Amino acid sequence: FAAIDAAAIERWIRAFAAAVAENEQELTRLDSPIGDADHGANMNRGLKAVVAKLDGGSTGGPGALLKQTGMTLVSTVGGASGPLYGTFFLRMATAIGDADTVDQKLFAAALRAGVDGVVARGKAEAGDKTMYDALAPAVDALDAAFGGEDTAGALQAAADAAAQGRDSTTPMQARKGRASYLGERSVGHQDPGATSAALLLQTAADTLA
Ligand code: ADP
Ligand code: MG
Ligand code: MG
């Protein structure tokens with residue numbers, strides 16, 4: 001597992017921003033039947049602000065970059081996803097602290113801390129049809145691959161688990177967020193937040209190995 005440095009973390013954040021920009025319409029389309037049709041716009045607005053900060057000159061280590069990302073998302077994204085993704089990045093930052101490089105063990109622990117932050121903030125449980133249903137299996141998959149030599153493979157296993165988790169939200173009835181207001185009518189629709197979370201893990205696999 002090649003050590004992850006600040007440049008790698010910046011690549012990841014920029015790639016996530018690019019993936020969300022590319023999928024903005026799709027994320028908003030998914031948020032139409034079971035939400036208020038703004039998930040793509042919310043995420044794209046926040047991540048554009050994050051990229052603008054990076055363009056302004058990124059300083060500091062992996063933790064500082066993740067902290068800046070989290071704080072920017074919290075302050076620029078209205079809606080549930082801002083505080084949730086913001087907390088994810090802030091908790092990752094705290095777990096990494098001022099380490100210059102992040103090894104496999106620390107990355108897996110930081111990712112888990114980020115996901116624990118999402119739960120602390122939103123109180124989602126498995127099966128509630130949220131981003132947690134994509135994030136939780138990804139963290140478990142990364143832990144399972146812990147200790148192996150194959151960095152790219154471990155990260156791709158996490159991304160694949162997130163994609164499966166995203167797909168698993170379709171038959172679920174929502175129990176958190178706006179989609180829960182629809183009760184049984186939320187069944188049969190893929191969750192937008194789980195979809196953006198799968199992009200987060202796929203871009204990690206694309207940039208951090
Ligand atoms: P809003 O619902 O406020 O318009 P977004 O549309 O940006 O915010 O984000 C909606 C997504 O947020 C949902 O698809 C779901 O994945 C996620 N979400 C909502 N509430 C929670 C929660 N309590 N815990 C975890 N994720 C949640
Ligand atoms: Mg919405
Ligand atoms: Mg909204």
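Just one of the listed residues (Gly70, Gly78, Gly127) is within 16 Å of ligand 1 (Cβ to nearest atom) and touching a Leu at 6+ places or on another chain (Cβ under 6 Å), and it is Gly70.
Of the residues making up the range 29-62, those that are away from ligand 1 (no atom under 16 Å from the Cβ), surrounded by fewer than 22 Cβ atoms within 10 Å (Cβ to Cβ), assigned to a helix (DSSP H, G or I) and touching a residue at least 12 places away in the same chain (Cβ under 8 Å) are Val51, Lys53, Leu54. Gly78: touching a residue at least 12 places away in the same chain (Cβ under 8 Å) and part of a helix (DSSP H, G or I), yes or no? No, not satisfied.
Restricting the range 81-100 to residues that are aliphatic (A, V, I, L, M) and in a helix (DSSP H, G or I) leaves a set whose member that is nearest to ligand 1 (Cβ to nearest atom) is Leu84.
Residues are listed down the side, and each one gets a yes or a no for (1) under 21 Å from Trp12 (Cβ atoms); (2) small (Gly, Ala, Ser); (3) surrounded by fewer than 20 Cβ atoms within 10 Å (Cβ to Cβ):
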site	(1), (2), (3)
Ala110	yes, yes, no
Val119	no, no, yes
Gly127	no, yes, yes
Leu135	yes, no, no
Val139	yes, no, no
Ala152	yes, yes, yes
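Mind checking which residues of the range 97-109 are within 22 Å of Asp150 (Cα to Cα) and either touching a His at 6+ places or on another chain (Cβ under 6 Å) or hydrophobic (A, V, I, L, M, F, W, C) (or both)? Across the range 97-109, the qualifying residues are Val102, Leu106, Phe107, Ala108, Ala109. When Gly177, Gly148 are screened for being within 16 Å of ligand 3 (Cβ to nearest atom) and farther than 21 Å from Pro62 by Cβ, only Gly177 passes. Residues that are acidic (Asp, Glu) and not in a helix (DSSP H, G or I) within the range 129-153 comprise Glu149, Asp150, listed in sequence order.
Scanning the range 7-39 for residues that are under 10 Å from Pro192 (Cα atoms) and aliphatic (A, V, I, L, M), we see that the one that is nearest to ligand 2 (Cβ to nearest atom) is Ala37. I'd like to check something: does the range 18-26 contain any residue that is under 14 Å from Gly79 (Cβ atoms) and either within 8 Å of ligand 1 (Cβ to nearest atom) or assigned to a loop (DSSP other than H, G, I, E, B) (or both)? No - not one qualifying residue is present in the range 18-26.
Can you spot a residue in the range 190-202 that is hydroxyl-bearing (Ser, Thr, Tyr), in a helix (DSSP H, G or I) and either within 17 Å of Val115 (Cα to Cα) or within 16 Å of the chain's Cα centre (by Cα) (or both)? Yes; the residues of the range 190-202 include at least one that is hydroxyl-bearing (Ser, Thr, Tyr), in a helix (DSSP H, G or I) and either within 17 Å of Val115 (Cα to Cα) or within 16 Å of the chain's Cα centre (by Cα) (or both). Counting the residues of the range 154-183 that are crowded, with 18+ Cβ neighbours inside 10 Å, part of a helix (DSSP H, G or I) and of a type outside the set (Ser, Thr, Tyr) gives 12.
Here Lys105 meets the list (1) in a loop (DSSP other than H, G, I, E, B); (2) surrounded by fewer than 21 Cβ atoms within 10 Å (Cβ to Cβ); (3) in contact with a Gly (Cβ under 9 Å, 6 or more places away or on another chain) almost entirely, failing just condition (1).
No value in this document is a laboratory result; all are computed from the given coordinates. This structure is a prediction, so every number in the text was calculated from the model and none was measured. With ideal geometry, Cβ positions are generated from the backbone for all residues, glycine too; neighbour counts draw on all protein chains shown.
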